[in-house]
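Asker: The structure is given below, and queries will be raised subsequently.
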Amino acid sequence: MSGFALRRVGQAVAVLLGVTLLVFVLEHLTPGSLAHAILGPRATPAAVAAFNAANGLNHPLPVQYLTFLWRLLHGNLGYSYRLNRSVGPLLAGELPNDLILVGLGFAVALVIALPLGLAQATRRNRPVDHVASAVTLTLYSMPSYWLALLLIAGLSVGAHLLPPEAGQSAGTAGILQDPRGLVLPVLTLTLVNVGWFSRYVRSAAIDTLAQEYVRLARAKGLPERLVLGRHVLRNSLLTVVTLLGLSVPLLLTSGLVVEYVFNVPGVGLTYWTAATNADYPVELGVTVLAGTATVLGSALADLAYAALDPRVRTR
Amino acid sequence: MSGALRHDLLRHRLGVTGLALVALLIAFCVLGPIIHPTDQVHTNVELTNLAPSAGHPLGTDADGYDVLGRLMVGGRATLEIALAVAALATLLGALWGAVAGLAGGALDALMMRIVDTFLALPAVFVLIYLATIVQPTVPLLIGVIALFSWLGPARLIRGETLSLRTREYVEAARAMGAGRWRTIVRHVLPNTLGVLVVNATFQVADAIILLATLAFLGFGLAPPAATWGGMLYQGTSYLLDGYWWEVYPAGVLLMVTVIAFNLVGGALRDVLDGDAAAGGRGGRVRRARTAAGPPAPAPSAASPARSATSR
């Protein structure tokens with residue numbers, strides 16, 4: 001186990017370094033010089049030189065990369081000249097909203113998708129399965145914003161049941177101040193997630209049902225209820241661990257779209273606003289954060305999986 | 001037995017339905033503008049937001065463009081980009097995966113860490129960032145979306161290669177002095193063709209969603225170029241005004257197209273798998289991975305990762 005864990009952590013570190021390198025490259029793709037962007041197009045050469053020296057921009061690129069890495073290691077995500085704020089604290093203030101939104105969307109989806117996928121697997125190719133498959137394929141094929149628009153049109157503009165916008169209260173976890181405003185964003189995320197979670201759970205459960213230990217359990221006369229509860233369900237929980245790790249990029253992306261559509265104050269909306277204002281430091285800060293979350297998510301899932309399923313470690 | 005047969009037929013029927021839908025969509029986008037020619041370049045303030053009528057079967061949008069005609073033109077751009085992305089990404093990914101799988105060792109590890117690095121960055125974020133630096137054009141979008149789409153095929157084909165390289169005929173080819181390239185091009189890749197085709201079909205669907213997401217967030221092709229996502233982006237402003245024709249047709253078309261490609265991909269996989277009962281999209285792909293060995297099997301490698309970045 002420790003060998004496996006060590007190897008997996010090593011991989012994660014290598015990938016994280018790759019992510020920072022990629023973001024560093026992205027940073028240097030920005031047009032014009034940073035000095036002119038900050039000081040204005042009519043800055044004197046002396047002012048530009050002073051700015052470059054002060055910000056380490058006159059060093060060779062490898063040195064700049066190491067400085068950038070050193071900065072990141074200290075939790076410094078850069079400085080937004082447009083907002084006149086440090087990117088780190090800016091995003092940290094908004095992260096609770098994202099965690100609530102995305103966490104709820106993930107949890108509710110799991111509560112729906114796990115039983116649904118299992119039920120489909122045990123009733124494979126019966127009408128129930130076909131209907132459920134049709135629904136989940138449709139959800140799976142729907143871009144999240146299209147789903148969001150349909151929900152707004154139906155439940156908000158049409159039926160006047162729910163507000164089309166999330167709560168706008170400032171402060172930590174401000175969206176909780178207005179729970180009604182949270183319903184549509186969370187519903188959108190839930191449905192998007194159910195679309196592919198349940199398909200995943202279904203196919204994993206079908207594989208489990210074909211395993212020898214399930215056949216043995218049935219052969220020794222164990223009631224079907226116990227076969228499913230004790231053997232199939234427990235092993236399907238492994239897929240939940242997998243989903244947790246795999247879905248980070250999906251959650252981040254659908255989070256961005258949902259925050260944009262429902263005007264949820266969060267990292268995703270901040271990213272979108274930054275992109276429309278060419279606020280590169282914020283964009284790159286969010287990108288580093290997103291990459292780190294993805295790497296950590298998949299590494300943790302792999303480690304948890306290995307801890308739960310010894311067959312994985314022996315490879 | 002008859003149940004399995006019926007299921008086979010049903011699967012097939014779904015595939016046939018998907019294929020028919022794709023054919024219809026292509027006809028709509030390619031032949032449509034010939035039957036229903038419209039000006040999708042010049043705006044016309046006298047024609048803004050008109051309700052559907054005989055002259056404009058689906059009305060006009062805020063710029064005075066005919067919506068039906070715009071759906072055709074936008075659909076064509078969408079399909080062209082998505083097909084090009086799938087082709088490019090599959091080619092690059094297959095070569096990358098085959099080389100890595102056959103090489104093994106340090107080169108394999110390095111190549112796969114590069115794949116992991118790209119996978120770690122959610123494509124939408126990077127694409128938006130790039131769109132703030134340069135105005136997207138069709139070739140640029142194809143290249144950049146492909147840059148984030150070859151990762152799935154690369155992992156898939158690496159896994160396949162790992163299991164293929166121990167087969168007798170590959171070993172025989174190498175024993176007879178076939179070089180690495182010849183082994184890859186003549187023996188490994190042809191045997192992964194089925195997996196590749198299935199994956200490419202799903203990639204078209206994913207590319208369509210990714211492309212539309214970018215446009216919907218306002219980072220798509222510049223006007224007057226039309227895309228379905230861009231039409232949704234513009235039409236959303238009129239959701240409260242009851243101009244349904246500016247929102248729903250584009251959204252429905254987008255959804256139907258993605259469903260159609262997913263149906264075709266699913267049916268292809270079932271048929272090539274010879275096991276219609278393989279279940280969701282997991283089937284063969286996941287099995288190929290678990291059979292393939294390192295690194296950790298199911299978690300980071302199962303097929304849903306492929307589409308996890310695109311929504």
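Asker: Count the net charge of all other residues whose Cβ sits under 14 Å from the Cβ of A:Gln168, scoring Lys and Arg as +1 and Asp and Glu as -1.
Answerer: Summing Lys and Arg as +1 and Asp and Glu as -1 gives -3.
Asker: Taking R0 as 45 Å, what FRET efficiency do you get between B:Ala23 and A:Thr67 from their Cβ-Cβ distance, rounded to the nearest 0.05?
Answerer: 0.20
Asker: Taking a ≥ b ≥ c as the square roots of the Cα gyration tensor eigenvalues, with a/c under 1.5 meaning rounded and otherwise prolate when a/b beats b/c, else oblate, which class fits chain A?
Answerer: Values: a/c = 3.15, a/b = 1.60, b/c = 1.97.
Here chain A falls in the oblate category.
Asker: How much FRET efficiency would the formula 1/(1 + (r/R0)^6) give for A:Val128 and B:His42, where r is the Cβ-Cβ distance and R0 is 51 Å, rounded to 0.05?
Answerer: Computed FRET efficiency for A:Val128 and B:His42 comes out at 0.45.
Asker: Out of the range A:215-315, which GluC sites (Glu not before Pro) are coil in DSSP terms and have no more than 13 other C-beta atoms within 10 Å?
Answerer: Filter output for the range A:215-315: empty list.
Asker: If I model a spin label at A:Asp309 and A:His36 as a point 7 Å from the Cα along the Cα→Cβ vector, what separation in nanometres do I get?
Answerer: Calculated label separation equals 5.5 nm.
Asker: Within the range A:50-76, which residues have the backbone N less than 11 Å from the label spot 7 Å out from A:Ser86 along Cα→beta-carbon, could you tell me?
Answerer: The answer is A:74-76.
Asker: Over the range B:3-294, what portion of Cα pair distances is larger than 23 Å, expressed as a whole percent? Present the calculation step by step, with values, prior to reporting the outcome.
Answerer: On the way: 25798 of 42486 pairs.
The share of Cα pairs beyond 23 Å in the range B:3-294 comes to 61 percent.
Asker: Quick check on packing: order B:81-91, A:158-168 by the mean number of other C-beta atoms within 10 Å, highest mean leading.
Answerer: Working: B:81-91: 21.7, A:158-168: 15.1.
Ranking, from highest mean packing down: B:81-91, A:158-168.
Asker: Next question. Pop a pseudo-label 7 angstrom from the Cα along the beta-carbon direction at both A:Arg230 and A:Ala293 and give the gap in nm to one decimal.
Answerer: 4.1
Asker: Return B:Tyr169, B:Tyr248 ranked ascending by Cβ neighbour count within 10 Å, so the fewest neighbours appear first.
Answerer: Arranged by neighbour count, lowest to highest, B:Tyr169, B:Tyr248 become B:Tyr169, B:Tyr248.
Asker: Continuing with this model, one more query. How do A:Arg225, A:Arg71 rank when sorted from fewest to most other Cβ atoms within 10 Å of their own Cβ? Show your work: numbers first, answer last.
Answerer: Values: A:Arg225 8, A:Arg71 13.
If I rank by nearby Cβ atoms, fewest first, I get A:Arg225, A:Arg71.
Asker: Provide the FRET efficiency to the nearest 0.05 for the A:Tyr213-A:Asn55 pair, computing r from the beta carbons and using R0 = 41 Å.
Answerer: Plugging the Cβ-Cβ distance into 1/(1 + (r/R0)^6) gives 0.10.
Asker: How would the protein assembly as shown be classified by its alpha-carbon gyration tensor: rounded, prolate or oblate, with rounded meaning a/c under 1.5 and the a/b versus b/c comparison settling the rest?
Answerer: Rounded.
Asker: Which peptide among A:9-15, B:175-181 comes first, and what is the full order, when sorted by highest mean count of other Cβ atoms within 10 Å?
Answerer: Listed from highest to lowest mean packing, they are A:9-15, B:175-181.
Asker: Right, next: Explain nothing, just the number: dipole magnitude of the range B:3-294 about its Cα centre with +1 on each Lys and Arg Cβ and -1 on each Asp and Glu Cβ, in debye rounded to the nearest 20.
Answerer: Dipole about the Cα centre, nearest 20: 1520 debye.
Asker: Can you give the three extents of the C-alpha atoms in the range A:2-87 along their principal axes, from longest to shortest, in whole Å?
Answerer: Principal-axis extents of the Cα atoms in the range A:2-87, largest first: 58, 28, 21 Å.
Asker: Could you work out, residue by residue across B:83-96, how many beta carbons of other chains sit within 10 Å of that residue's beta carbon, and then give the average as an integer?
Answerer: Whole-number average of other-chain Cβ neighbours for B:83-96 is 0.
Asker: Then there is this: Roughly speaking, what is the stretch gain from A:Leu6 to A:Val25, that is 0.36 nm per residue apart minus the C-alpha to C-alpha distance, in nm to one decimal?
Answerer: 4.0 nm
Asker: Work out the mean other chain Cβ neighbour count within 10 Å for the residues of A:193-201 and drop it here as an integer.
Answerer: Per residue, the number of nearby Cβ atoms from other chains is 3 on average.
Asker: A further question follows. Could you state the number of Å between the C-alpha centres of the range A:26-48 and the range A:54-120?
Answerer: 26
Asker: Additional query: If one computes the Cα centroid of the range B:63-131 and of the range B:161-199, what distance in Å separates the two points?
Answerer: Here the answer is 24 Å between Cα centres.
Any read-out appearing in this document is the output of simple, stated calculations on the displayed coordinates, not a laboratory observation. The structure displayed is predicted, hence computed values, not measured ones. Reconstructed Cβ throughout: ideal geometry from the backbone, glycine too, with neighbour counts over all protein chains shown.
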